[in-house]
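These notes are about the structure you will find just below.
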Amino acid sequence: MSKADFEKVAAVIDGYRDKAIELETILTAEPAIDPRSEEGSVGEEKKAAVLKDYLKERGLPDPEEVKAPDEKVPCGYRPSLIYRIKGKKPGGAIWVMAHMDVVPPGDLGKWNSDPYKVVVDGDKIFGRGVEDNQQGLVSSVMAVLALKEAGIEPERDIGLLFVADEETGNELGIGYVLENADPFSKDDLILVPDGGAADGSEVEVAEKSILWSKFTVTGKQCHASMPDTGNNAKRAAAHLIVKLDSLKEIYPKSDDVYVPPASTFEPTKHEANVPSVNIIPGEEIFYMDARIMPEYKLDDVQEKIKTLAGEIAADFKVEINVEFPMRSDAAPPTSTDAPVVSEVSKAVKEVYGVDARPVGIGGGTVAAYIRKKGYPAVVWSRMDETMHGPNEYAKISNILGDAKVFAYMMLKG
C-alpha cells in the first residue's frame, strides 16, 4: 500500500457524511428485533433486503445468504449475509463482521424522537441501532465503497459479514453461520466493531467466563412481632450475600489485560417477597452475576457456590436452592501477538493518532463464537457506548474515522 493510495481513499471517506446518514436512515427504518424480545417482531429479513438492495445498486457482488430456520418469524428464517470482494493477492482475507438486529426501544417516553426515524444533530445520529451495531456495519460499507470510488484494488480479499440474532444469543446468527457456512480461514484477520473505548484505545482480545446464580432461600413466614414463630429467609439470604464475597479470595487470580483485572461476584436482582413491613418473609430470591477469569473452571466455581450456600443453610436452618440460569465458558483469548491485533493497532495509530492496547473484558461478545472455532478475532471500534438506552446515538466522525481504519487494513495487505 502506498501512502498516496490511503490518502486518496481517506479523502473520499471524508466526503461520505451524507452517505453515512443515508444508510443509517435506511437501516434504522427497518427494526430488526427478535420476536422473543418484542412480540410481533419480524427479525432481520426486511433489513437484510434493503441492505442487499443498497449494496447491489452500488456495484457490490451478490452476497451468500445463510438462512437459519426460525418458525417464530413470518418468513421462517433469520438471514445472515456474506459479502466477498476479491483482492490482488491470494491468502488470508480481512473480515469486518457486524450484526443487523437491535434491541427494542423500551419506554418511548424517554426518547426525544421516534427511535426508528433518524435525527441528526451536529455530529450525532440518533435512533435505535445507529450505534449498536449499525455504526460498525455502515463504517465497513463506507470503507469498501470508498476503495471502489477511488479505483484502488485492495491488497487482500475483503469479507463483510452481517449476521442475525446477536442480541438474543447468536445461535441463529454467527453460531449458525459457523456450523453451516463457515467463511473463515486461519490466515484471516477478523474484526468485530461492536464495542470499544470512546478514544479507540482498546482492542478487545479476551473475555471472562460468565455465570449467573439464582438463590431461593426458604424459611418460615410469620408476623414480625413474633419472630420466634418463624424463620427469617431474608436474614439468611443477607448472610449468604456476605459469605459469597469470599469467592473473591477463593479465586484471586488477576491479569492487567482485563478490565477490571480480576473476577467479580456481584449480587444483583432481588425478587419481591412480602407485601407488608410487618411480615417476616418465608422466601427470599436473589441473583448473583459473576465474571470469572478464564483460568478457573466453572464447574469448580459452581460447586463452591453450592458449598457456601449449604453452610448458610445449616447455620440458619433454612433451605437454599441454587440454580445457574446462565453460563458461558470463556473462549480461548486471541493472543496479544496475533497479526490482527498489531494490524488494528497500526491502523488506529495512523487514523486517530492513538496508541491502542489489547484488553480483556467482563462482558460477552459475538467474537467468543469465532474464537471458540480457533480463529483469532478482535473487537474494536470508537464509540460512546450509548447502546440499549433511550436516545442511542452514533457519532458521524466515528463512522467515518472507523471506515478509514478498516480501509487502511484493507489496503495494507
Exercise. Calculate, in nm to one decimal, what LYS253 and VAL120 gain on full extension: separation in residues at 0.36 nm each, minus their alpha carbon distance.
Key: 43.3 nm
Quiz item: Longest segment of the chain with no trypsin sites (Lys or Arg not before Pro) in a DSSP loop having at most 11 other Cβ atoms within 10 Å?
Solution: 187-316
Practice problem: May I ask you to list the GluC sites (Glu not before Pro) in segment 324-385 that are in a DSSP loop and have at most 15 other Cβ atoms within 10 Å of their Cβ? | Solution: GLU385
Quiz prompt | Assigned charges on the beta-carbon of Lys, Arg, Asp, Glu; the chain dipole about Cα centre (debye) | solution = 460
Quiz item: Shape of segment 72-166 from its Cα gyration tensor (a ≥ b ≥ c, root eigenvalues): rounded if a/c is under 1.5, otherwise prolate when a/b > b/c, or oblate?
Solution: oblate
Quiz prompt | Where the Cα pairs of segment 224-350 fall when distances are cut into 5 Å bins, in % | solution = 2, 8, 16, 17, 14, 11, 9, 7, 5, 4, 3, 2, 1, 1, 0
Exercise. Report the antiparallel proportion of the DSSP beta bridges in the chain as a percent, rounded to a multiple of 5.
Key: 70
Exercise. Kindly give the semi-axes, whole Å and largest first, of the ellipsoid equivalent to the chain, taking each as the square root of 5 times a Cα gyration tensor eigenvalue.
Key: 45, 24, 19
Practice problem: Compute the distance in nm between two label points, each set 7 Å from the Cα along the Cα-to-Cβ direction, one at SER113 and one at LYS297. | Solution: 5.4
Practice problem: Decide, for segment 147-199, between rounded, prolate and oblate: order the square roots of the alpha carbon gyration tensor eigenvalues as a ≥ b ≥ c, take rounded if a/c falls under 1.5, and otherwise choose prolate if a/b is larger than b/c, else oblate. | Solution: oblate
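Rule-based calculations on the coordinates, nothing more; no lab input. Note that the structure is a prediction, hence the values are computed from the model and not measured. A quick note on method: Cβ atoms are made from the backbone with ideal geometry, for glycine too, and the neighbour counts reach across all protein chains shown.
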